Amino acid sequence: MSGTVSVAKSLGRSWLPVLALVGILVLSACEFRIRADLVIEEDESGTLSVELSMDEELAALAGSFGGELVVGEEIVPAGWTAELVTDEGYEGIRASTDFGSLGELEQRLGELAEGTGTADTPLLAFLADISPTREEDTFRFHLLIPEEVEAMIGEELQQSPIPIDLAVLDEVFDIRLSLVLPGDLLSSNADVVTGETLVWDISLADSGRVLEAESQLAGPDRTRLVVLGAVVVALLIIIYFVARSRRRRPDPDPDRARTP
């Protein structure tokens, strides 16, 4: 990837008052996107992508306030794939990676946290806590949105050059997490379920919110039992009708039984 993209370098303290001002000025037209998409396969491998982008109007306005809004390959961890986001009127960056196990996924998330500096980034910190688990054939997803997010943002808003509350700032952000778990979905509290994809829309005021989902594989032993059961039932039905047919069949030579 070459070049840079106008997008927030850090979602930390230094730019929140500026973005709050931008939100007041262009609330109806501007938007900042944070999107994480996670797909997990039956063997625990999968893909993870994270997008940080803003619409063109917000990028231009935020830059005019003197914020450090240039980001390039430096935030993308080694081994990740980076691409520019320039579609649908947005510009930013999308980082993607493959993983071979849930343990490797945790490692990749750690790399992302280090690359983007999430220690000072409450709006991205929740990504580092994504840690699906597996117990035999059951996959579980549990993610807690930390309460520090709302507290830290609220503190920063008090220092904003103009009065603004969290609800107004929340309108500027489009934060979304999507997840695909292997097997049959048993339960979830996703906001939207489209096919196999679970989608949560996250608000800045979601401190303490828990995102959950659970799925189960139809393991090979269970599958064999189901098939064997179906075969046994079919054989019993066939034997029943054959026996019933024989009982009703007339003797073709009734005199044969009386022959001396």
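The values are calculated or read from the model by the stated rules, or taken from the named source; none is laboratory data. Since the model is a prediction, treat every value here as computed from it, not as a measurement. Note that each Cβ is placed from the backbone with ideal geometry, even for glycine, and that neighbours are counted across all protein chains shown. Keep in mind that these areas ignore ligands, DNA and RNA; they rest on the heavy atoms of the full protein, side chains included. Shrake-Rupley method; radii C 1.70, N 1.55, O 1.52, S 1.80 Å.
How many of the residues in region 172-208 are over 20 Å from residue 42 (Cβ atoms), among the polar types (S, T, N, Q) and modelled with pLDDT of 95 or more?
Residues flagged as over 20 Å from residue 42 (Cβ atoms), among the polar types (S, T, N, Q) and modelled with pLDDT of 95 or more within region 172-208 amount to 1.
Looking for whichever is β-branched (Val, Ile, Thr), out of contact with any Ser or Thr (no Cβ under 9 Å at 6 or more places or on another chain) and modelled with pLDDT of 85 or more here; the options are 133, 138. Which one fits?
Just a single option satisfies the conditions, and that option is 133.
Say we look at region 69-88 and pick out the residues that are in a loop (DSSP other than H, G, I, E, B) and touching a helix residue (DSSP H, G or I) at 6+ places or on another chain (Cβ under 7 Å); which of these is modelled with the lowest pLDDT?
Top of the filtered list is 69.
Residue pairs, Cβ under 8 Å, 6 or more apart or interchain, first in region 190-209 and within 15 Å of residue 141 (Cβ to Cβ) and free of Cβ contacts under 8 Å to residues at least 60 places away in the same chain, second open to solvent by 70 Å² or more (accessible area, probe 1.4 Å) and not β-branched (Val, Ile, Thr). List them.
Here the result reads 191/201; 193/185; 196/185; 198/185; 199/191; 200/191, each pair linking region 190-209 to a residue that is open to solvent by 70 Å² or more (accessible area, probe 1.4 Å) and not β-branched (Val, Ile, Thr).
Counting only residues that are over 12 Å from the mean Cα position of the chain (by Cα) and either of a type in the set (Val, Ile, Thr) or surrounded by fewer than 20 Cβ atoms within 10 Å (Cβ to Cβ) (or both), how many does region 168-181 have?
Residues flagged as over 12 Å from the mean Cα position of the chain (by Cα) and either of a type in the set (Val, Ile, Thr) or surrounded by fewer than 20 Cβ atoms within 10 Å (Cβ to Cβ) (or both) within region 168-181 amount to 6.
Residue by residue through region 209-227, note down the ones that are exposed (fewer than 11 other Cβ atoms within 10 Å of the Cβ) and either modelled with pLDDT of 85 or more or part of a loop (DSSP other than H, G, I, E, B) (or both).
210
Mind checking which residues of region 89-126 are assigned to a strand (DSSP E or B), at pLDDT below 85 and open to solvent by 10 Å² or more (accessible area, probe 1.4 Å)?
90, 91
If I filter region 28-48 down to residues being assigned to a loop (DSSP other than H, G, I, E, B) and of a type outside the set (A, V, I, L, M, F, W, C), which single residue comes out as least open to solvent (accessible area, probe 1.4 Å)?
For region 28-48, the residue satisfying everything is 45.
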